[in-house]
Amino acid sequence: MTDIFPGPIKNLPQADIPIKGLKAYLSQADTHQILFMEFSKNVELPEHSHESQMGVVLEGKIDLVIGGMKYTYSKGERYFIPAGTKHSGKIYAGYADITFFNEPDRYKIKQ
């Protein structure tokens, strides 16, 4: 995979997310988090829910099931998951995005 993110993003702390093949850089604010994510392996996400989430796809493809409806998003597209909505998905190797989580403590910094 080519480098998607420039130095200032790669200088952010990494998020502690236990998914093999994921590298995520965390921008922390008082009210939310923004993650810059790159996936080097295919990943299956089990169904779950949390506060609202919005993502902008930079590279690759993601299949999401949001509230029982299946969607596929690719480079240049964006998605939104409302708060409390059950969702699951498949992320394909080579995927990269910028994701906004409307909660300040969704992920911790990797030690």
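The values are calculated or read from the model by the stated rules, or taken from the named source; none is laboratory data. Computed from a prediction, not measured in an experiment: that's the story for all the values here. In case anyone asks, the SASA skips ligands and DNA or RNA and just uses the protein heavy atoms, side chains included. Shrake-Rupley method; radii C 1.70, N 1.55, O 1.52, S 1.80 Å.
Note that the chain presents 58 Å² accessible area per residue, ligands and nucleic acids not counted, probe 1.4 Å. Can you tell which of LYS61, LYS20, LYS41 shows the greatest fluctuation in a Gaussian network model of the chain with Cα springs below 10 Å? Maximum among the listed residues: LYS20. Normalising by residue count, segment 2-111 has a Cα convex hull of 95 Å³ per residue. In whole percent, what relative contact order does the chain give with Cα contacts below 8 Å and a gap of six or more residues? Rounded, it is 34 percent for the chain.
Rolling a 1.4 Å probe over the protein chains gives GLU51 an accessible area of about 90 Å².
Which translational diffusion coefficient, to the nearest whole µm²/s, is obtained for segment 54-111 from the Stokes-Einstein equation, given a Kirkwood hydrodynamic radius over C-alpha pairs, 10 °C and 1.306 mPa s? Before the final figure, lay out the partial values.
On the way: Rh = 12.3 Å.
Diffusion coefficient, whole number: 129 µm²/s.
Return the whole-Å distance between the Cα centroid of segment 67-102 and the Cα centroid of segment 1-30. Centre-to-centre (Cα) distance: 17 Å. In the context of the full protein assembly, TYR71 retains an accessible surface of approximately 90 Å², using a probe radius of 1.4 Å and ignoring ligands and nucleic acids.
Which sequence of THR85, THR31 reflects their accessible areas, 1.4 Å probe, from the largest down?
Working: THR85 30, THR31 90 Å².
In descending accessible area the options line up as THR31, THR85.
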